[in-house]
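K.L.:
Just dropping this structure here.
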Amino acid sequence: MPNYSPRILITGGRGQLANALANHPLAKQFTLNICSHDELDITHPDSIQEALDKHVPDIVINTAAYTAVDRAEHEAGGADLVNHIGAGHVGLLCKKNQIKLLHISTDYIFDGNNKEKYLEDDTACPVNIYGKSKWEGEQAIRSSCENHIILRVSGIFSEYGNNFLKTMLKLARERSVLRVVNDQITCPTSADDIASAIYIICNNPSFQGTLHYCSSESVSWFDFAKAIIEEAREHEQLAADEIKPISAAEYITDAKRPAHSVLDCSKIKKTYQIEQPSWRNAICQIIPKLIEEQA
C-alpha cells in the first residue's frame, strides 16, 4: 500500500459506479472528488481542465457514459459525443496534465457470437450503437493517453440508480407474470464489486492496458431474474407467481444485444490478484437493503 493518499477525481458522479465508489469501505484510502455532469462535462474540454485545476488529481476514474442502449439507436450522435468524443477529451487532458486514467468500458464492444470467454485482445465487433461508441472511446483513449487502464465490465447492478435488479423487483411487485429473455448469456456484476477492483488497481503503480472484470458465474437474464425473485421472496411478498422464459426474438428492442457476452478475467487476476466475485452473494446483500429503504 502507498504511504500517501492518492487524489482521485471521479466523473459521472450520479451514476451507479460513482455512488458505489463513494460509499465503498476502501474509499477512505484515497482523497476523493466526485463530479456530477453539472460540475464536469466530459464533452467540453474546458470543463474537464477546470476540474483538473481545481482538484489536482493523481488519477481520474471516468465513469461518465451514455448508457441508454436502446435510445442510442435513435441518438447515435449523443452516444458518440459522450462515449467516444468525451472519452477522448478526458484522455488528452490526462496526458497533458500527467494524470493516470482509469476508464470504464463494456462487454458490449463484442458481438456475442463467440461461445468462449472473450479475452482482452479479441476482435471488437459491436452490434449496436452504444457498443460502437464505447469501442471508439477506447480507441480514442489508447491513442491519446499512454498511462491508462481500460476496464471492461458487464451487467452492472446495485442499490443505486436504474438497473436490471431494481427493475425486476419493481415488476415483481406489480405483475403476476414476468417474461424474461433466456437466450442471452452474461455475467452480471455488482457496482460494489467493481469499485473494489478499481481501488485495488488504483493502489498499484502498474497502470497500462485493458482489463476484463465480471462475476464468476455466467447466466441468462431469465435465470438471473429467477434468482433475484427467489431472494426477494425471502424478505417480502410479491405479486409475481410465474417467470416465463422467452427468446430475444420475442422481446423486441431497438438495439440488438450480444447473445453470449462472457469476459475472461484471468489477466486481472494474474496482474492484480483480483478474484471474480459471486453475483449471488451480491444480490443477497443488495436486496435486503432495497427492501429496508422502501419500508
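K.L.:
Please go through segment 270-295 and pick out each residue that is charged (D, E, K, R), assigned to a helix (DSSP H, G or I), loosely packed, with under 14 Cβ neighbours inside 10 Å and at pLDDT 95 or above.
P.N.:
K270
K.L.:
Conditions first: (1) modelled with pLDDT under 95; (2) closer than 27 Å to N19 by Cα. V262 passes all but one, so which condition is the exception?
P.N.:
The one condition V262 does not meet is (1).
K.L.:
Can you tell me which residues in segment 265-284 are within 22 Å of F222 (Cα to Cα), of a type outside the set (A, V, I, L, M) and touching a residue at least 60 places away in the same chain (Cβ under 8 Å)?
P.N.:
Listed by number, the residues that qualify are Q276, P277, S278, W279, R280.
K.L.:
Moving to a separate point now. Look at I61 and say whether it is buried (at least 17 other Cβ atoms within 10 Å of the Cβ) and part of a strand (DSSP E or B).
P.N.:
When the stated conditions are applied, I61 passes them.
K.L.:
When you scan segment 114-128, do you find a residue that is at pLDDT below 95, surrounded by fewer than 24 Cβ atoms within 10 Å (Cβ to Cβ), in contact with a strand residue (DSSP E or B) (Cβ under 7 Å, 6 or more places away or on another chain) and not in a helix (DSSP H, G or I), even just one?
P.N.:
Within segment 114-128, one or more residues are at pLDDT below 95, surrounded by fewer than 24 Cβ atoms within 10 Å (Cβ to Cβ), in contact with a strand residue (DSSP E or B) (Cβ under 7 Å, 6 or more places away or on another chain) and not in a helix (DSSP H, G or I).
K.L.:
Let me ask something else. For segment 65-77, indicate whether the set of residues that are at negative phi and in contact with a strand residue (DSSP E or B) (Cβ under 9 Å, 6 or more places away or on another chain) is non-empty.
P.N.:
yes
K.L.:
Let me ask another. Sort out which residues of segment 87-113 are touching a strand residue (DSSP E or B) at 6+ places or on another chain (Cβ under 6 Å) and among the charged types (D, E, K, R), and write them in order of number.
P.N.:
K100, D107 - these are the residues of segment 87-113 that are touching a strand residue (DSSP E or B) at 6+ places or on another chain (Cβ under 6 Å) and among the charged types (D, E, K, R).
K.L.:
Let me ask something else about it. For K95, which of the numbered conditions (1) of a type outside the set (A, V, I, L, M, F, W, C); (2) in a helix (DSSP H, G or I); (3) touching a residue at least 60 places away in the same chain (Cβ under 8 Å) fails to hold?
P.N.:
Going through the list (1) of a type outside the set (A, V, I, L, M, F, W, C); (2) in a helix (DSSP H, G or I); (3) touching a residue at least 60 places away in the same chain (Cβ under 8 Å), K95 breaks only (3).
The values are calculated or read from the model by the stated rules, or taken from the named source; none is laboratory data. As the structure is a computational prediction, the values presented were derived from the model and not from experiment. Here the Cβ is made from the backbone with ideal geometry for all residues, glycine too, and neighbour counts use every protein chain on show.
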